[in-house]
Amino acid sequence: MFAAGVLFAALLLAVCLAANQLASELVSNRLRNLSLEGNATLQVLGGQVSKTLQGLNALELPAQCTPELFGRIATLVKEQRYIYESAVRLSSGAVCSSYGQAFASTKLPAKEDAGYYPAGDGRSYWFQTGREVSADAGALVIGQFSAYLWLNKGILLDVLRMPAEVSFNLVDEQSLQSRFSSDNRLLKIERRLEPGQVEFTNGMIHLATPVKWVGLVGVLTLPYSAYREAWWWSFAGLLGASIVLLLGLYCGASYLYARHFSLPAKLRCALQNNQLSLHYQPIVNMHNGQWKGAEALLRWRVKGQPISPEVFIPAAENSGMIAELTRWVCQRVAEDYAEYLWACKDFYITINLSATDVTDASFPDFVEALFKRYDISPVQIVFEVTEGALLDKEQAIIQLQRLRDQGHKIAIDDFGTGYSSLAYLEQLPIDILKIDRSFLTPDKLHSSDGLWWHVVSMARSLNLSVVAEGVEIPQQVDPLILAGVSLAQGWLYSKDLPVDKLAKSYFSCADPALSAAI
Ligand code: C2E
Ligand code: MG
Ligand code: MG
């Protein structure tokens with residue numbers, strides 16, 4: 001839990017840092033792209049201004065405005081889309097405009113006017129003079145010698161195509177004061193800006209355009225909120241992507257683990273490579289010590305270490321491998337029986353079934369064909385099911401009955417560990433009741449509560465043969481025999497054995513007449 005918390009905190013930190021970087025990049029790229037477009041526009045504008053001023057100053061000026069002069073001035077302006085109006089001042093003081101009007105030079109902007117900016121090379125600029133000819137023309141007036149231009153602010157801003165939150169300023173390099181602003185918010189820059197570099201200063205994001213325009217630096221400005229917005233988007237995107245990536249990695253790792261390293265994967269491998277073995281634990285007649293049968297128990301060793309069936313059987317059940325495993329056990333039992341146990345008189349082998357086997361409609365057919373092939377009578381093979389394997393009772397009854405019809409006996413295994421009553425058992429097609437060892441501990445066998453005893457007597461009244469599980473010491477034997485239990489399975493008699501040892505031991509303790517038969 002702690003490790004997961006640390007991991008998540010580290011992920012958040014990494015995402016925050018990456019969002020920081022990404023947001024800066026996004027904002028910078030946005031400004032750079034706008035700057036590229038703006039620069040091109042300013043260059044065209046600069047060209048039009050120079051050409052028109054040159055043309056105006058080259059005109060031969062008469063003493064008074066004449067229709068011919070008006071015409072020439074208008075021609076110079078006609079093709080220049082950014083130039084709203086132009087005019088020349090005559091030596092007489094009259095001013096002739098491209099609109100064919102004459103007006104007094106007092107109407108021209110003067111040095112004292114607000115927004116005056118001497119740009120060198122004989123040019124003067126008036127930014128936001130307050131003497132607007134029209135709302136569109138008022139932004140910038142340029143004068144050089146006797147020529148004057150009014151720039152078309154509307155077209156200029158349209159072409160600059162600044163988004164609402166971006167402000168474009170022309171800033172005086174010396175005073176760092178903005179002279180022209182696309183949104184009428186004149187800036188005062190804190191320090192000189194490196195052209196082409198995005199700077200985060202004073203809660204604003206600035207980019208100075210690489211090309212200067214008449215001693216003024218174009219500055220594009222975004223409010224800091226644009227960065228914050230970009231940061232949140234980046235953060236959300238990166239966090240989402242990281243989570244998707246981590247989930248993907250997790251799923252991939254889980255898949256790889258499940259495929260190659262998990263217990264079911266190793267078990268599958270063991271099954272395919274024949275690394276599983278089958279042992280048999282004898283079921284003994286307590287009266288005379290004769291072996292009546294044996295339970296087939298799967299054994300699996302990994303690197304020499306045994307793995308308990310209590311561990312790998314549930315893993316096989318959960319991973320859907322159990323059907324294959326049970327069929328492997330049946331096959332091995334058939335082979336072992338045919339090779340080692342065929343001469344054992346009335347000797348049966350019990351095979352444990354799981355819930356999947358009990359509801360598998362093809363299982364009885366498989367069993368029938370298999371034991372027929374090995375010429376093994378169905379009475380020699382008993383199937384054990386625990387109460388837990390009978391969850392789908394209707395289906396289980398059908399399958400168990402089919403096995404029974406073939407001649408197999410059915411045993412209820414570990415009886416007492418589930419929740420079913422003996423009345424429940426009455427409905428099942430069963431022949432043998434194996435009482436779980438937890439019921440038959442020496443103290444319980446000698447105690448007066450006698451629950452086990454009731455189980456035994458009711459089982460007998462249901463005509464079920466009883467097998468006592470987990471008989472470990474001689475003291476367990478007498479009470480069981482007294483209660484009428486003849487068969488037992490437990491370490492007192494034998495642990496589970498490989499088939500060759502089982503056969504050998506069977507014949508060494510069996511009737512000499514039988515031993516002679518093999
Ligand atoms: P189970 O079917 O009840 O098998 C009897 C278990 O009790 C075996 O444990 C056996 O070794 C153990 N046992 C026998 N005598 C004594 C004794 O005197 N004292 C004690 N304490 N234990 C004794 P094992 O081999 O560990 O198997 C455990 C369970 O795994 C089995 O219980 C069975 O449910 C399952 N199992 C084993 N092999 C298979 C198999 O091939 N298929 C299926 N579906 N389940 C299997
Ligand atoms: Mg069993
Ligand atoms: Mg058992």
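The values are calculated or read from the model by the stated rules, or taken from the named source; none is laboratory data. Just so you know, these numbers come straight off a predicted model, no measurement behind them. Using ideal geometry, Cβ is built from the backbone for each residue, glycine included, and neighbour counts are taken over all protein chains shown.
Here are the numbers for this structure:
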quantity: Residue, surrounded by the fewest Cβ atoms within 10 Å (Cβ to Cβ), within the stretch 425-441, restricted to residues that are more than 16 Å from ligand 1 (Cβ to nearest atom) and part of a loop (DSSP other than H, G, I, E, B); calculated: Gln427
quantity: The stretch 273-300, subset free of Cβ contacts under 8 Å to residues at least 60 places away in the same chain and loosely packed, with under 14 Cβ neighbours inside 10 Å, residue farthest from ligand 3 (Cβ to nearest atom); calculated: Asn273
quantity: The listed residue being in the same structural domain as Gln101 (by TED's automatic domain parsing), among the aliphatic types (A, V, I, L, M) and under 25 Å from Glu199 (Cβ atoms), out of Ala58, Ala9, Ala19, Ala63; calculated: Ala19
quantity: Residue match in the stretch 254-272 (condition: closer than 23 Å to Asp365 by Cα, away from ligand 3 (no atom under 16 Å from the Cβ), over 27 Å from the mean Cα position of the chain (by Cα) and in contact (Cβ under 8 Å) with a residue 24 or more places away in the chain); calculated: yes
quantity: Residue within the stretch 402-416 that is more than 16 Å from ligand 2 (Cβ to nearest atom), farther than 22 Å from Lys372 by Cα, out of contact with any Cys (no Cβ under 7 Å at 6 or more places or on another chain) and of a type outside the set (S, T, N, Q) present; calculated: no
quantity: Some residue of the stretch 356-379 being touching a Lys or Arg at 6+ places or on another chain (Cβ under 7 Å), outside any loop (DSSP other than H, G, I, E, B), more than 16 Å from ligand 2 (Cβ to nearest atom) and within 24 Å of Ala315 (Cβ to Cβ); calculated: yes
quantity: Entirely in the stretch 149-240, the strands (runs of 3 or more DSSP E) that have 3 or more residues that are closer than 19 Å to Leu26 by Cβ; calculated: 198-201, 204-208, 216-223
quantity: Members of the stretch 29-40 that are crowded, with 19+ Cβ neighbours inside 10 Å and of a type in the set (S, T, N, Q); calculated: Ser35
quantity: Of the criteria (1) in a strand (DSSP E or B); (2) aliphatic (A, V, I, L, M); (3) more than 13 Å from ligand 1 (Cβ to nearest atom), which one Val284 fails; calculated: (3)
quantity: Every residue from the stretch 446-469 that is within 17 Å of Thr350 (Cα to Cα) and surrounded by fewer than 19 Cβ atoms within 10 Å (Cβ to Cβ); calculated: Ser465
quantity: Index of the failed condition, Tyr340 passing every other in (1) assigned to a strand (DSSP E or B); (2) surrounded by 14 or more Cβ atoms within 10 Å (Cβ to Cβ); (3) away from ligand 3 (no atom under 16 Å from the Cβ); calculated: (1)
quantity: Any hit, the stretch 301-313, residues being touching a residue at least 40 places away in the same chain (Cβ under 8 Å) and among the polar types (S, T, N, Q); calculated: no
quantity: Residue list for the stretch 380-396, restricted to those being under 17 Å from Lys292 (Cβ atoms) and in a strand (DSSP E or B); calculated: Ile381, Val382, Phe383, Glu384
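Residue by residue, here is whether (1) touching a Leu at 6+ places or on another chain (Cβ under 7 Å); (2) assigned by TED's automatic domain parsing to the domain that holds Val44; (3) touching a residue at least 12 places away in the same chain (Cβ under 8 Å); (4) over 18 Å from Asn152 (Cα atoms) holds:
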{"site": "Gln54", "(1), (2), (3), (4)": "no, yes, no, yes"}
{"site": "Ala74", "(1), (2), (3), (4)": "no, yes, yes, no"}
{"site": "Tyr82", "(1), (2), (3), (4)": "yes, yes, yes, no"}
{"site": "Ala87", "(1), (2), (3), (4)": "no, yes, yes, no"}
{"site": "Cys96", "(1), (2), (3), (4)": "yes, yes, yes, yes"}
{"site": "Ala102", "(1), (2), (3), (4)": "no, yes, yes, yes"}
{"site": "Ala110", "(1), (2), (3), (4)": "no, yes, no, yes"}
